[in-house]
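**Student:** Here you go, one structure.
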Amino acid sequence: MTRIVAGTVGGRSLQVPPKGTRPTSDRVREAIFSRLEHYGVLDGAYVLDLYAGSGALGLEAASRGAQRVVLVDAARVAAEVCRANVRTLGLTNVQVVQDKAEKFVQSAPATTWDVVFIDPPYDVSEAVVAELLRQLAQTSALVEDAVVVVERSTRSPEPTWPTAWELLARKDYGETAVFYAGPVAAEEPQADAS
């Protein structure tokens with residue numbers, strides 16, 4: 001059973017699509033959100049959850065203080081499950097969009113995201129993930145200190161990060177590898193010492 005781990009709707013159960021998704025386990029989700037809280041990026045955040053599946057990651061973010069969450073999944077059944085979960089939990093700050101992740105990123109409204117979750121099925125190729133990351137970097141859709149969380153199989157190579165991004169951390173949990181990355185912080189101008 002998948003449930004919200006903590007926050008305003010903590011402990012509540014989530015529906016999961018009957019097939020085609022691999023929900024992030026409660027243990028991995030708890031670890032992801034502990035790290036995001038450590039980074040200080042969650043409270044009041046704008047969160048984008050690509051390949052949302054049941055919406056567990058985005059809904060957890062909403063429960064823990066995100067201001068706005070958009071769940072995106074191309075599968076009709078997954079989008080319907082996300083909508084049902086949003087209704088059941090009564091989260092009014094969550095929007096569900098049925099669309100391909102790549103198409104949504106290219107045509108997304110002028111919103112800047114603080115946190116982006118990318119949790120595609122493990123059989124989605126590295127080339128597709130790299131292209132999605134590249135598109136995300138080119139859209140100027142991320143705030144300066146945004147954190148992008150990518151889940152992959154531990155057997156997959158590390159994602160290819162866009163040029164102006166850096167890997168912040170990688171943590172493995174059994175078969176799941178979680179990568180945290182984001183734009184390289186701009187250098188502060190040096191004060192003239194004269």
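Quick note: the coordinates plus some simple rules give every number you see, no bench work behind them. Predicted model only: the values in this text are computed from it and were never measured. Note that we place each Cβ from the backbone using ideal geometry, even for glycine, and neighbour counts take in every protein chain shown.
**Student:** Cα-based Rg of the chain per 2.2 N^0.38 Å, rounded to two decimals? Spell out each step's value before the answer.
**Tutor:** Details: Rg = 16.3 Å, N = 194, 2.2 N^0.38 = 16.3 Å.
Here the answer is 1.00, to two decimals.
**Student:** For SER13 paired with GLU175, estimate the spin-label separation in nm (one decimal), with each label point 7 Å from Cα along the Cα-to-Cβ line.
**Tutor:** 2.3
**Student:** Nearest 5 percent is fine: what portion of the DSSP beta bridges confined to the chain is antiparallel? If you can, show how the numbers build up before the last one.
**Tutor:** Details: 16 of 35 bridges.
The answer is about 45 percent antiparallel.
**Student:** Amide H of TRP113: which non-local residues (sequence gap of 5 or more, or other chain) have their own amide H closer than 5 Å, using H built in the peptide plane?
**Tutor:** For TRP113, the qualifying residues are LEU142, VAL143.
**Student:** A further question follows. Would you mind telling me the antiparallel percentage of the DSSP bridges in region 83-194, rounded to 5?
**Tutor:** Numbers: 14 of 19 bridges.
In region 83-194, approximately 75 percent of DSSP beta bridges are antiparallel ones.
**Student:** Hey, what do the phi angles of region 93-105 turn into as Karplus ³J(HN,Hα) couplings, whole Hz, using 6.51/-1.76/1.60 and θ = phi - 60°, x for Gly and Pro?
**Tutor:** With coefficients 6.51, -1.76 and 1.60, one gets 9, 10, 10, 10, 10, 8, 6, 6, 4, 4, 5, 4, 4 Hz.
**Student:** Same structure, new question: Calculate how steeply helix 26-39 sits against the longest principal axis of the alpha-carbon atoms of the chain, using the helix alpha-carbon long axis, and give the answer as 0 to 90 degrees to the nearest 10.
**Tutor:** Long axis of 26-39 versus the principal axis of the chain: about 30 degrees.
**Student:** Quick query: amide H of THR2 versus all other amide H atoms, modeled in the peptide plane; which residues come in under 5 Å with a sequence gap of 5 or more or a different chain?
**Tutor:** LEU14
**Student:** Sticking with this structure for a sec: Enumerate the amide H contacts of THR154 below 5 Å, restricted to partners 5 or more residues apart or on another chain; note that Pro and chain-start residues carry no placed amide H.
**Tutor:** THR176, ALA177
**Student:** Now, a different point. How large is ³J(HN,Hα), in whole Hz, for each residue of region 132-146 in order, when computed from phi with the Karplus curve 6.51 cos²θ - 1.76 cosθ + 1.60 and θ = phi - 60°, using x for Gly and Pro?
**Tutor:** 4, 4, 4, 4, 4, 5, 7, 7, 6, 8, 10, 5, 4, 10, 4
**Student:** Between SER140 and LYS103, with labels modelled 7 Å along Cα→Cβ, what's the label distance in nm to one decimal, could you check?
**Tutor:** 2.6
**Student:** How would you rank 135-147, 166-178, highest first, on the average number of other Cβ atoms within 10 Å across their residues?
**Tutor:** 135-147, 166-178
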